[in-house]
Amino acid sequence: MVESRQGEDLDLWARGINPQFARVLRTIGFDRQWARAEGQYLWDADGNRFLDMLGGFGMFNVGRNNRTVRTALVEELELETPGSVQLGATILPGLLAEELLRRTPARIGRVQFTSSGTEAVEAALKLGRTATKRARVISTAHAFHGLTLGSLSANGNPEFTKRFEPLLPGFDFVPYGDLDALDAELRREDVALFLVEPIQGKGVNLPPPGYLEGAQALCRRYGTLFCVDEVQTGFGRTGKMFAFEHWGLEPDLVPVAKSLSGGYVPVGALLMSTAVHEAVFDSMQHAVSHGSTYAPNDLAMAAGLATLHELDDRRLVEASARLGELLLELTRPLVERYDVVREVRGLGLMWAIEFGEPSRRARSYRFVERMQPGLFAQLVVGPLFSEHHVLSQVAGHAMAVIKGIPPLCVTEQDLTDFVESLDTTVRKAQKLPRSMAKFALTAAGVR
């Protein structure tokens, strides 16, 4: 069936899934027919190889179509294991839970499996409120924690939330990095949990020194659960198995997902303290207080075990730390070289470059930004894709920031090639030639 319908990819999406998304892809020139993928690369139907600096929004830490994970999935299918008995326990979920807990601080003692990151966050909200017998949740401005209703209520981005209001009551926000604002909310002693990304995914915003440590201390002081969302930052992305290790944190709740299955199977988990778990699952009557039909399932568990093995065996976490430093070293000179580049930042292979109004050609930059805030970054992303075969993304709505979260198996040569392409593209974009101005008008919906 697939072979006979080749070439209809985008038309099928437009007819049956999301016609507006198909319009977006055609507008920005991303309407390729994809043929295959391996590791850090994608190939289109014409045989062109693309470097994947997007990584499926962080799913492919061990690389696309990882052979070790695929072998584990095939073996699991061939074993015909009695998974998802529901009123029974099978071996694979217990093995994956054991491996996850082996990699976390002693405070974390239980695992609740889910099928996605937003479900893991929903579990944190539900179980955290029940465990503390408190109703309020505090998260941060510009935070992203998912798009289901509970997670969306903790989302600090109006472009995602405004159209779906009213959201759930009891959710409030503080500025990311502001301990005084957090203290003012927590001192009321009615907050169940403080939900925070160690590094904000929208914009790749790193925490100020002492912020996360201070937030944890405030949570302990006021009886609030400290919930660190590692859905995107976990499993080696930042150069540690979990990003919270950079600051020596011991959270009460840790949602994880995305790359846990190597990108093959939907999977997520809420890692939590034994105290939180036992406050909710406190009797046989409450033994099934939370769960999901497909979580855990044996395919996801096998993929998770294989992914953790790959991270260890290939030392991909260490590679992320080393290559992340290289990427910063290669891109920092762009700040001095180009007036339009404000900053490069990152940790491990979670990286960003931010643009701002230059002192020269300021009128051209303002012209682009008036049409659509953050549009200059798209003027870089577009040519990176079409001319240099690099798949990347703007880091968030109305942000002049490009984000890179490639598979952790990316090589030094890949990063060198990427930075050379980036250098060339920024140099041309800063001059805003006629072709780019035309693209800007099209992308902004003006023509």
If I ask for residues that are assigned to a helix (DSSP H, G or I) and in contact with a strand residue (DSSP E or B) (Cβ under 7 Å, 6 or more places away or on another chain), which ones from region 132-157 would you list? Thr132, Ser153
Selection within region 326-341 - in contact (Cβ under 8 Å) with a residue 12 or more places away in the chain and surrounded by fewer than 20 Cβ atoms within 10 Å (Cβ to Cβ): Leu326, Leu328, Leu330, Arg332, Leu334, Arg337, Tyr338, Asp339
Examine region 121-130 for a residue that is within 24 Å of Gly348 (Cα to Cα) and either in contact (Cβ under 8 Å) with a residue 60 or more places away in the chain or not in a helix (DSSP H, G or I) (or both), and state whether such a residue exists. yes
Can you confirm whether Ser359 is closer than 29 Å to Gly262 by Cβ, of a type outside the set (A, V, I, L, M), surrounded by fewer than 23 Cβ atoms within 10 Å (Cβ to Cβ) and at pLDDT below 95? no
Is at least one residue of region 394-411 over 22 Å from the mean Cα position of the chain (by Cα), within 14 Å of Asp423 (Cβ to Cβ) and surrounded by 15 or more Cβ atoms within 10 Å (Cβ to Cβ)? no
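Listed here are the residues, each with its yes/no results for (1) among the small types (Gly, Ala, Ser); (2) crowded, with 16+ Cβ neighbours inside 10 Å.
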| residue | (1), (2) |
| --- | --- |
| Asp11 | no, no |
| Gly16 | yes, no |
| Ala22 | yes, yes |
| Trp43 | no, yes |
| Arg49 | no, no |
| Asn61 | no, yes |
| Glu75 | no, no |
| Glu78 | no, no |
| Pro93 | no, yes |
Meets criteria (in contact (Cβ under 8 Å) with a residue 60 or more places away in the chain, surrounded by fewer than 18 Cβ atoms within 10 Å (Cβ to Cβ) and small (Gly, Ala, Ser)) for Gly203: no
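Residues checked against (1) of a type outside the set (A, V, I, L, M, F, W, C); (2) crowded, with 16+ Cβ neighbours inside 10 Å:
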| position | (1), (2) |
| --- | --- |
| Gly83 | yes, yes |
| Leu100 | no, yes |
| Ile108 | no, yes |
| Gln112 | yes, yes |
| Lys133 | yes, no |
| Arg136 | yes, yes |
| Thr140 | yes, yes |
| Gly146 | yes, yes |
Is there a residue being modelled with pLDDT under 95, in the same structural domain as Ile199 (by TED's automatic domain parsing) and assigned to a loop (DSSP other than H, G, I, E, B) anywhere in region 280-287? yes
Answer yes or no as to whether Asp46 is outside the structural domain of Leu422 (by TED's automatic domain parsing), more than 23 Å from the chain's Cα centre (by Cα) and on the phi < 0 side of the Ramachandran plot. no
Consider Ala124 carefully, then state whether it is buried (at least 17 other Cβ atoms within 10 Å of the Cβ) and within 11 Å of Ala269 (Cβ to Cβ). yes
Hey, Val344 hits all of (1) without any contact (Cβ under 8 Å) to a residue 60 or more places away in the chain; (2) in contact with a Cys (Cβ under 7 Å, 6 or more places away or on another chain) but one; which does it fall short on? (2)
Under 7 Å by Cβ, and 6 or more places apart or on different chains, what pairs join a residue from region 298-325 that is outside any helix (DSSP H, G or I) with one that is of a type in the set (Phe, Trp, Tyr) and surrounded by fewer than 16 Cβ atoms within 10 Å (Cβ to Cβ)? none
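The values are calculated or read from the model by the stated rules, or taken from the named source; none is laboratory data. A quick note: this is a predicted structure, and the numbers were derived from the prediction, not measured. Cβ sites come from the backbone with ideal geometry, for glycine too, and all protein chains shown count toward neighbours.
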